[in-house]
1. Whose amide H sits under 5 Å from the amide H of Ala261, counting only residues 5 or more places off or on another chain, with H placed in the peptide plane?
2. Just the Kirkwood number for the range 198-255, please: inverse of mean 1/r across all distinct Cα pairs, in Å, one decimal.
3. Length gain on complete extension for the stretch Ala164 to Ser139, per 0.36 nm per residue less the alpha carbon to alpha carbon distance?
4. Please give the FRET efficiency for Gln314 paired with Arg157, using the beta carbon to beta carbon distance and R0 = 35 Å, rounded to the nearest 0.05.
5. Arrange the peptides 254-263, 197-206, 271-280 so that the one whose residues have, on average, the most other Cβ atoms within 10 Å appears first.
6. Taking every pair of alpha-carbon atoms in the range 166-281, give the share separated by more than 22 Å as a whole percent.
7. Which value in nm describes the separation of the simple spin-label points at Leu354 and Lys177, placed 7 Å from the Cα toward the beta carbon?
8. What are the principal axis extents of the Cα atoms in the range 240-292, in Å, biggest first?
Amino acid sequence: MVQCHGEKIFSRRVALPSALLGLLASLDVASALNTPLKPSQARRTPASTHLHDVNGQSPVLSDAFSPDKHANGQSAHLASASTATASATRTTRSMTASGGSVDRPRRMPPPLSDHEKLLEEMMKDGGYDRGRLVRFFASRPGQCATRAADFFGAYQRLKAVWEADQAVPPEQRQRGKILRQELAALGPVAVKLGQTLSQRPDIISEEVCEALKPLQTSNTPFDNDEALRIMATELEHDGPIAPGVCPPDCDDPDAPPLFAAISDGPIASASLGQVYRVRSHEGVDMAVKVQRPGAVRQVTLDFAVIASALWAVQRSGWGNGDLLEIIDIVAAGVFEELDYRNEARNAETFARSLQFLGYVAVPQPVQGYRLSRRLILTEW
């Protein structure tokens, strides 16, 4: 059973301002962005890994993976997994149901966007760097202004609901539900903040905390067709993902399928990605996690806007002097999560640390599949 594949809940008890969204309303974001900020001291582990590249998959129709089947639970540890190494040439080897294989042309991942290049460069240079992030968006004031307007619009709607709920009995209040919906609509960074707030009844009321807790375990999934497209691209496969299941731009629907079966849709959806269940042609069940489209752009932009806002607030003499440091801690963690290769390394490290127990199994990345920043395939 898949348990929280890479979705981290920040358990550090840090005080985040309850009116954080409202702060963005009174800030000149473009002006704030033009002033360099102190780089974060956050650092990450080296990028080297001995894992083969591993990737994920998308949703497919299969009775084998219906909710009532996997609800009964299965072992998280698989005794065996494919050990075939992905081809380094422009062909990929697809397994057939009979056990044979064929070499086929493979699709290549698209070029990195500017935001993805920024993330890659920062990770290579040691991790999240607030100053570098803000300077990057200083030359893109339009993006920042538009995103700040999104935050302000959400704040205005929440403020109206909050005020209306003052005269309503606690059991009939809608503010927690509306807050959860607004945070989910704003994207990964807002969801992360909501996850933190759900554990802080000292900042917001107990009733609102309860309404936010679903953000820890379930988020609105993104489109299955888009997930299939990402799987095919990241796994460099031009044919069907599973029998009868092709991404929208499948080049060769008659080609051997990559997997024997895939779940109808995601079996779990989190702030940065969602998980599907697949089965190999050898009968091995695996979990495929696919990153949300545009996650890197949205995460980098949101942290640039929030950091600039808090910088301006602290320059005005208002607010806690640790707010920027708190955001740096959260941002450093989220930036790590944006690269599933880190998750693969962490899974190996965690498994080794528990080997002495003898009875704890940690799902590991499956060898023989391409590992990428956006997709990871692990044992079920």
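Coordinate-derived values only; no laboratory data. Owing to the predicted nature of the structure, the values given are computational and were not obtained by experimental measurement. Backbone-built Cβ (ideal geometry, glycine too); neighbour counts: all protein chains shown.
1. Amide H neighbours of Ala261: Arg279.
2. Kirkwood hydrodynamic radius for the range 198-255: 14.1 Å.
3. Working it through step by step, the gained length comes to 5.0 nm.
4. The pair Gln314/Arg157 has a calculated efficiency of 0.85.
5. 271-280, 254-263, 197-206
6. More than 22 Å apart: 48 percent of the Cα pairs in the range 166-281.
7. Going by the 7 Å Cα→Cβ label model, 3.7 nm.
8. Extents along the principal axes: 34, 27, 14 Å.
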